[in-house]
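Novice: Let me begin by handing over the structure; questions about it come next.
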Amino acid sequence: MLLAAGRGQRMRPLTDHTPNPLLNVQGQALMQWPMEALLAGGFPRLVVNTAWLGEQIATFCAGWQQRHPGTEIAISDEGQDFGYALETAGGISRAMPLLGDVFWALAGDVYMPDFVFSQASVDRFVASGMLAHLWLVPNPAHNPNGDFGLTAQGLVLDQAPDQHTFSTVGLYRRALFEAPWCGMVPGNPQGTAEPLAPLLRKVMAAGLVSGELYTGAWTDVGTPERLRELE
C-alpha cells in the first residue's frame, strides 16, 4: 500500500496544485520510485489511497499501469468517500478489503531509491509471528530525537537509549488492524482518521514489532528545501 492522501501542508505552495507524491524528484514522480522498486521486487499489485488532488494521482497510476503490463493498482479514494484524508492507520484500515493478510505499506513522499522490496523479507516476517516489521533510519536533522528504539535482537521499542527514525516502510499483518489491537471497524466504514504511531506503540509494548536499521539513501521530502537539496 502506497500512502498518498495527505495535503502536504509543509510543501506549499508546491502542493497547492500538485500532490506531494507527484512532485518530480531526480527525473520522475516521487511516488514512482517505490512503485518501480516494488515491481522489481516481485510485487505487482498496489493499493494507493488518495484525498487531496486525488484525481491527479489516479490518472498517474492509470498511466503507469498501462505502461507496465501485468500490474494492478486499486485506488482507495478517501476524499471521494469522506471528503478528507484518514491518516495512516485510518487509511490502511479503510483499504483492508483490498489488501492481503500480509502487505507492505509506505509513504508516497519518501525518497529511498536503493531500497529493495524482497520476497525474502516477507517470508522472514511471516515466519516471525510478529504483527509488524519496520525499517528505521539514522535520525535526520529535522528529527534529531528519533521515533523508536531497536534492540540487538531486532525488537522495536517505544523508548530506548538510542532512538532511530521510522522510514515509513513496513510490513504488516491484517491482524494488527483488527481487534483486540485496533479499535476501528475493519474497512473503516465510519471514516475514522487515526495515526499509526499509537497503534504501533501498543503492539510494541506486547513485544510484537520487529525491525532493522536501513542506512541507504533516504529523504522525507516534506519541505521545498529538502526537495531542492535532492535536485
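Novice: Given the criterion of a type in the set (A, V, I, L, M, F, W, C), surrounded by fewer than 16 Cβ atoms within 10 Å (Cβ to Cβ) and in contact (Cβ under 8 Å) with a residue 24 or more places away in the chain, identify the matching residue among 40, 5. Lay out the reasoning, then the answer.
Specialist: On the way: 5 fails: surrounded by fewer than 16 Cβ atoms within 10 Å (Cβ to Cβ).
Of 40, 5, the one residue that is of a type in the set (A, V, I, L, M, F, W, C), surrounded by fewer than 16 Cβ atoms within 10 Å (Cβ to Cβ) and in contact (Cβ under 8 Å) with a residue 24 or more places away in the chain is 40.
Novice: If we only count strands (runs of 3 or more DSSP E) wholly inside region 126-231, which ones have 2 or more residues that are buried (at least 17 other Cβ atoms within 10 Å of the Cβ) and of a type in the set (S, T, N, Q)? Walk me through how you get there before you give the answer.
Specialist: Numbers: elements: 132-137, 148-150, 163-173, 209-213.
It comes to 163-173.
Novice: Additional query: Residue by residue through region 1-57, note down the ones that are farther than 22 Å from residue 229 by Cα, touching a Phe, Trp or Tyr at 6+ places or on another chain (Cβ under 9 Å), of a type in the set (Val, Ile, Thr) and in a helix (DSSP H, G or I).
Specialist: Result: no residue meets the conditions.
Novice: Restricting to region 67-122, count the residues that are of a type outside the set (Ser, Thr, Tyr) and assigned to a strand (DSSP E or B).
Specialist: Step one: of region 67-122, the residues of a type outside the set (Ser, Thr, Tyr) are 67-70, 72-75, 77-83, 85-87, 89-92, 94-110, 112-117, 119-120, 122.
Subsequent filtering for residues that are assigned to a strand (DSSP E or B) retains 72-75, 77, 102-107, 110.
Here the count works out to 12.
Novice: Quick one: is residue 141 closer than 30 Å to residue 96 by Cβ and more than 19 Å from the chain's Cα centre (by Cα)?
Specialist: Details: closer than 30 Å to residue 96 by Cβ: no; more than 19 Å from the chain's Cα centre (by Cα): yes.
When the stated conditions are applied, residue 141 does not pass them.
Novice: Still on this structure, please answer the following. Look through region 74-94, keep the residues that are among the hydroxyl-bearing types (Ser, Thr, Tyr) and crowded, with 18+ Cβ neighbours inside 10 Å, and return whichever of them is farthest from residue 170 (Cα to Cα). Please lay out each step first, then the result.
Specialist: Kept after step one, since they are among the hydroxyl-bearing types (Ser, Thr, Tyr), are these residues of region 74-94: 76, 84, 88, 93.
Checking which are crowded, with 18+ Cβ neighbours inside 10 Å leaves us with 76, 88, 93.
Details: 76: 19, 88: 12, 93: 15 Å.
Among them, the one singled out is 76.
Each reported figure results from applying straightforward, stated rules to the coordinates on display, with no laboratory input. Source: prediction; values computed, not measured. As a convention, Cβ positions derive from the backbone with ideal geometry for all residues, glycine included, and neighbour counts pool all protein chains shown.
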